[in-house]
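Engineer: Below is the structure I would like to discuss, written out as structure tokens.
The values are calculated or read from the model by the stated rules, or taken from the named source; none is laboratory data. If you're wondering where the values come from, they're calculated on a predicted model, not measured in any experiment. So basically every Cβ, Gly included, is an ideal-geometry build from the backbone, and we count neighbours across all protein chains shown. Surface accessibility is based on the protein's heavy atoms, side chains included, excluding ligands, DNA and RNA. Shrake-Rupley method; radii C 1.70, N 1.55, O 1.52, S 1.80 Å.
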Amino acid sequence: MKISYAPFWKTLKQKGLNQYVLINKMGVRNSLVHKLRHDLDIRLTTLADLCEKLECRIEDIVEVVDDNHS
């Protein structure tokens, strides 16, 4: 099993947002965007902060996928 942030990118697109807005208008760190892009570990509190900023639920940002079928 592995973590995927594919839902995050879909949610971002649905809300008409992009990386520029995240970083420059919403105060999201470049390093966090990098972690999301590469499916790296982030803290649950960071996920909660993203949910608050994007006004969405955690499942709109992250999912657990079977890495044998990805």
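Engineer: Among (1) open to solvent by 60 Å² or more (accessible area, probe 1.4 Å); (2) at pLDDT 95 or above; (3) not β-branched (Val, Ile, Thr), where does MET1 come up short?
Structural biologist: Failing condition for MET1: (2).
Engineer: Please count how many residues of segment 6-33 are assigned to a helix (DSSP H, G or I) and either surrounded by 11 or more Cβ atoms within 10 Å (Cβ to Cβ) or touching a residue at least 12 places away in the same chain (Cβ under 8 Å) (or both). Spell out the reasoning first.
Structural biologist: Initial filter on segment 6-33 (assigned to a helix (DSSP H, G or I)): 6-14, 19-24, 30-33.
Next, from what is left, pick out any that are either surrounded by 11 or more Cβ atoms within 10 Å (Cβ to Cβ) or touching a residue at least 12 places away in the same chain (Cβ under 8 Å) (or both): 6-12, 14, 19, 21-23, 32-33.
Number satisfying all stated conditions: 14.
Engineer: Do you know which residues across segment 49-70 are open to solvent by 90 Å² or more (accessible area, probe 1.4 Å) and among the β-branched types (Val, Ile, Thr)?
Structural biologist: VAL64
Engineer: Quick one: would you say LEU36 is surrounded by 13 or more Cβ atoms within 10 Å (Cβ to Cβ) and not basic (Lys, Arg)?
Structural biologist: Details: surrounded by 13 or more Cβ atoms within 10 Å (Cβ to Cβ): yes; not basic (Lys, Arg): yes.
Criteria met by LEU36.
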